[in-house]
Amino acid sequence: MIYEGKAITVKALEGGIVELNFDLKGESVNKFNRVTLSELRQSVDAIKADGSIKGVVVTSGKDVFIVGADITEFVDNFKLPDEELIAGNLEANKIFSDFEDLAVPTVVAINGIALGGGLEMCLAADYRVASETAKIGLPEVKLGIYPGFGGTVRLPRIVGTDNAIEWIASGKENRAEDALKVGAVDAVVKADKLKEAALDLVKRAISGELDYKAKRQPKLEKIKLNAIEQMMAFETAKGFVAGQAGPNYPAPVEAIKTIQKAANFGRDKALEIEAAGFVKLAKTPVAASLIGLFLNDQELKKKAKQYDEVAKDVKLAAVLGAGIMGGGIAYQSASKGTPILMKDIREEAIQLGLGEASKLLGKQVEKGRLTPAKMATALSAIRPTLSYGDFGNVDIVVEAVVENPKIKQSVLAEVEGNVKEDAIIASNTSTISISLLAQALKRPENFCGMHFFNPVHMMPLVEVIRGEKTGETAIATTVAYAKKMGKSPIVVNDCPGFLVNRVLFPYFGGFAKLLSFGVDFVRIDKVMEKFGWPMGPAYLSDVVGIDTGHHGRDVMAEGFPDRMAVEGKTAVDVMYEANRLGQKNGKGFYVYETDKRGKPKKVIDPQAYEILKPIVSEQREVSDEDIINFMMIPLCLETVRCLEDGIVETAAEADMGLIYGIGFPPFRGGALRYVDSIGVAEFVALADKYADLGPLYHPTEKLREMAKSGQKFFG
């Protein structure tokens, strides 16, 4: 053994070839943490010192190659002073460069995922062989940064600037065959032939058949584009990528600027330019938020995994209530491999549900993500029915009928009599108390909430709601089923609106206040969209449905009368009375026309302003900053209350619920991280400035205590 550590071993094979193997002990995947980087330094030094070595093959002892850097270490590292962070980055890069400069040929065998630093390790080798199932990419922009181990330097010099910019700015994972087309890898082979192919390549390089030094040379030099070619390549890309990424996500454009700045330099100077730009991005609030979001997501997955031991396997599911929602749930279940019965009392609803599932599957085929054969398999896994005939074999039933407690209770009691005793029943309710619905059941321990968000196929969140009598098996099985459907489940406790809708309605409350002061809803939408929301509150109301919002507002007012009840009519009341229900009937705050692609397009309608006139109580001048505060303070304070009331267990879950459930701007990290970014004491002082607007704007006593003691929600 030439070198042996906790993450890396280097051992002799045959004919002077050594194998450098990544296999991080105690972990299911390889990643570049402090230990791995330190051992790579020692491994490279050991190889350099051994004059008998003629070639190096790099392999992985895991199912993946290397998933990237250890992101948990980013948080502390990024707090270091700039100079220290740049020095540390260049020190790590020296390891990759020394590996690249070895006096012998190097070949990497990519057996699975190689992302971020994992791919950057591969780029430092002379040759790359990938398994057919491998996926490679540089996803750093999704964390608000860009590649920092030489990715912006080596990739453009290997695959060309256009391909490199596309890979780095999009952050996407690329299949082995696509990587081969652009030259990111040199060969793609079957998994069982991978090591053999890597050894063959290194032997051919040792024998002189392949000129590995010539292959290596372009990575050490400047990019081979003249000044005009550079200007065309980089300026066009910056404009396009800026339009795609938007102003709130600077990393993709900064990556292009870095490649451009380094284009006329050799590797070592280019790496210095990369390091300086990397540190600049690492210090941004966007990076802090997106890294926090990633870590929160990891925490969510960890929590969901804890339920695995108690969960029952769901082999057959059922959804009650077809239509758009039922069809969406059926599609999601069937497309992820769980057969599902879809029951309704009306044939036309069944057809609507099947049509929805078929449309969604068809889109997957159009995009090349699904073959027609797999579409047929998924469709055949949805079994429509007008009766309870096959419900005796069902493991879980999702009730998705009309949002009315009496109708839901009646349907739930009926289905309970038609399923086996240990079947789990879950209600897809958005606001109605699970404990209330459970009163209709003989086995409330088998009942919980399973709240999907619309559209089901796009929204990642599922709220799993624990009622007063819900058992652990019901929660665990529902969490497991949600994960199987490709969703991110969050377990919340029962209250009106649960987590997401309970927090959303105070946000709409702020919107109602602005309208009552005569503020133009189009202006409000523009301000909140600029703040980062995917759509402003007026547009969101139309998409959700004015009738849905009207009903939800009444439920929330009944549940939290001290702060959510309103006197007199609001904008949602007058819209509802005018039968302007939003997109569903073509008119709400906006009117909707069909665009060329057949999608609804919003158009400003003067009639909407006439309808809103009676609810304007006074004309008040408000700034754009006021608009943001009117909307965001009540949303953030209600999130704080949900955490304090134990509706949600952790700040991470609260923030992820809002990001996944209602599109809270990811670059701001969630409501509680947003409060942290302002400062808890500063946020409390800000809320106090708007105290005259009512209890929705009044901080809790616990939050005031946090402000006094300098506490934060994260870190």
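With respect to the conditions (1) more than 19 Å from A378 (Cα to Cα); (2) in contact with a Leu (Cβ under 8 Å, 6 or more places away or on another chain), K283 falls short on a single one, namely (2). For segment 620-658, taking the residues that are outside any helix (DSSP H, G or I) and touching a residue at least 60 places away in the same chain (Cβ under 8 Å), the one that is farthest from F713 (Cα to Cα) is identified as R620.
Does E173 qualify as being open to solvent by 40 Å² or more (accessible area, probe 1.4 Å) and in contact (Cβ under 8 Å) with a residue 40 or more places away in the chain? Against the criterion (open to solvent by 40 Å² or more (accessible area, probe 1.4 Å) and in contact (Cβ under 8 Å) with a residue 40 or more places away in the chain), E173 qualifies. Of all residues in segment 506-539, exactly one satisfies the criterion of being touching an Asp or Glu at 6+ places or on another chain (Cβ under 9 Å), open to solvent by 30 Å² or more (accessible area, probe 1.4 Å) and of a type in the set (A, V, I, L, M, F, W, C), namely M535. Across segment 91-105, a minimum of one residue is classified as under 26 Å from A287 (Cα atoms) and without any contact (Cβ under 8 Å) to a residue 40 or more places away in the chain.
Is segment 250-265 home to any residue that is open to solvent by less than 60 Å² (accessible area, probe 1.4 Å), under 30 Å from V527 (Cα atoms), modelled with pLDDT under 95 and not hydrophobic (A, V, I, L, M, F, W, C)? Reasoning before the result, please.
Of the residues in segment 250-265, the ones open to solvent by less than 60 Å² (accessible area, probe 1.4 Å) are 250-256, 258-260, 262-263.
Going one step further and asking which of them are under 30 Å from V527 (Cα atoms), we end up with 250-256.
Narrowing further to those that are modelled with pLDDT under 95: none.
The answer is no, given that none of the residues of segment 250-265 is open to solvent by less than 60 Å² (accessible area, probe 1.4 Å), under 30 Å from V527 (Cα atoms), modelled with pLDDT under 95 and not hydrophobic (A, V, I, L, M, F, W, C).
Restricting the first member to segment 209-223 and to residues that are farther than 13 Å from V104 by Cβ, and the second to residues that are at pLDDT below 95 and open to solvent by less than 60 Å² (accessible area, probe 1.4 Å), the beta-carbon pairs closer than 8 Å and six or more apart or on different chains are I223/Q230. Please tell me if K596 is open to solvent by 50 Å² or more (accessible area, probe 1.4 Å) and either in contact (Cβ under 8 Å) with a residue 60 or more places away in the chain or closer than 22 Å to M575 by Cβ (or both). Here the answer is no, as K596 does not meet what is asked. Taking the stated definitions as given, is E403 open to solvent by 40 Å² or more (accessible area, probe 1.4 Å), at pLDDT below 95, touching a His at 6+ places or on another chain (Cβ under 9 Å) and closer than 15 Å to G321 by Cα? When the stated conditions are applied, E403 passes them.
Every residue, every condition in (1) of a type in the set (D, E, K, R); (2) at pLDDT below 95, yes or no:
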position: V44; (1), (2): no, no
position: I53; (1), (2): no, no
position: A69; (1), (2): no, yes
position: F74; (1), (2): no, yes
position: N93; (1), (2): no, no
position: D98; (1), (2): yes, no
position: D101; (1), (2): yes, no
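Summed over segment 590-619, residues that are touching a strand residue (DSSP E or B) at 6+ places or on another chain (Cβ under 8 Å), closer than 29 Å to D692 by Cβ and assigned to a loop (DSSP other than H, G, I, E, B) total 0. Give the number of residues within segment 582-628 that are under 30 Å from L686 (Cβ atoms) and of a type outside the set (A, V, I, L, M). Total satisfying the criteria: 10.
Within segment 323-354, if we keep just the residues that are part of a loop (DSSP other than H, G, I, E, B) and under 28 Å from the mean Cα position of the chain (by Cα), the residue that is farthest from D422 (Cα to Cα) turns out to be K336. Just one residue in the set A349, A381, A288, A357 is surrounded by 15 or more Cβ atoms within 10 Å (Cβ to Cβ), of a type outside the set (K, R) and touching a Lys or Arg at 6+ places or on another chain (Cβ under 9 Å); that residue is A288. Scanning segment 265-288 for residues that are among the small types (G, A, S) and under 30 Å from the mean Cα position of the chain (by Cα) gives A275, A276, G277, A282, A287, A288. Among the residues in segment 437-456, are any buried (at least 21 other Cβ atoms within 10 Å of the Cβ), touching a residue at least 24 places away in the same chain (Cβ under 8 Å), under 18 Å from I662 (Cα atoms) and among the aliphatic types (A, V, I, L, M)? Yes, segment 437-456 contains a residue that is buried (at least 21 other Cβ atoms within 10 Å of the Cβ), touching a residue at least 24 places away in the same chain (Cβ under 8 Å), under 18 Å from I662 (Cα atoms) and among the aliphatic types (A, V, I, L, M). For segment 458-468, the set of residues classified as touching a Lys or Arg at 6+ places or on another chain (Cβ under 9 Å) and either over 23 Å from D422 (Cβ atoms) or open to solvent by 10 Å² or more (accessible area, probe 1.4 Å) (or both) consists of M459, P460, L461, listed by residue number.
Going by what's in this entry, would A179 be described as surrounded by fewer than 21 Cβ atoms within 10 Å (Cβ to Cβ), touching a strand residue (DSSP E or B) at 6+ places or on another chain (Cβ under 6 Å) and more than 22 Å from L281 (Cα to Cα)? So A179 fails the test. Filtering segment 256-267 for residues that are out of contact with any strand residue (DSSP E or B) (no Cβ under 8 Å at 6 or more places or on another chain), more than 21 Å from L90 (Cβ to Cβ) and not basic (K, R) leaves a non-empty set. For A480, the conditions (1) within 26 Å of the chain's Cα centre (by Cα); (2) of a type outside the set (V, I, T); (3) buried (at least 24 other Cβ atoms within 10 Å of the Cβ); (4) within 29 Å of S335 (Cβ to Cβ) all hold with the exception of (3).
Here is the figure for segment 565-586: residues that are within 21 Å of L514 (Cα to Cα), modelled with pLDDT of 95 or more and open to solvent by 60 Å² or more (accessible area, probe 1.4 Å) total 2.
Any chance segment 578-589 includes a residue that's among the aliphatic types (A, V, I, L, M) and either part of a helix (DSSP H, G or I) or touching a residue at least 24 places away in the same chain (Cβ under 8 Å) (or both)? Yes, segment 578-589 contains at least one residue that is among the aliphatic types (A, V, I, L, M) and either part of a helix (DSSP H, G or I) or touching a residue at least 24 places away in the same chain (Cβ under 8 Å) (or both).
Take residues that are over 30 Å from G277 (Cα atoms) and open to solvent by less than 20 Å² (accessible area, probe 1.4 Å) and tell me which of the helices (runs of 4 or more DSSP H) falling wholly in segment 1-113 contain 1 or more.
On the way: elements: 34-49, 74-77, 82-100.
The helices (runs of 4 or more DSSP H) meeting that bar are 34-49.
Screening A334 with (1) over 18 Å from M458 (Cα atoms); (2) in contact with a strand residue (DSSP E or B) (Cβ under 7 Å, 6 or more places away or on another chain) gives one miss only, at (1).
Listed here are the residues, each with its yes/no results for (1) at pLDDT 95 or above; (2) open to solvent by 70 Å² or more (accessible area, probe 1.4 Å); (3) in contact with an Asp or Glu (Cβ under 9 Å, 6 or more places away or on another chain).
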{"site": "D268", "(1), (2), (3)": "yes, yes, no"}
{"site": "L271", "(1), (2), (3)": "yes, no, no"}
{"site": "D297", "(1), (2), (3)": "no, no, no"}
{"site": "L300", "(1), (2), (3)": "no, no, yes"}
{"site": "A304", "(1), (2), (3)": "no, no, no"}
{"site": "A317", "(1), (2), (3)": "yes, no, yes"}
{"site": "G321", "(1), (2), (3)": "no, no, yes"}
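Exactly one residue among I647, I633, I662, I628 is aliphatic (A, V, I, L, M), modelled with pLDDT of 95 or more and closer than 22 Å to R466 by Cβ, and that residue is I647.
The values are calculated or read from the model by the stated rules, or taken from the named source; none is laboratory data. Remember, predicted model here, so these are calculated numbers, not experimental data. Neighbour counts run over all protein chains shown; Cβ positions are idealised from the backbone, glycine included. To get the accessible areas, we keep the full protein, side chains included, count just its heavy atoms, and leave off ligands, DNA and RNA. Shrake-Rupley method; radii C 1.70, N 1.55, O 1.52, S 1.80 Å.
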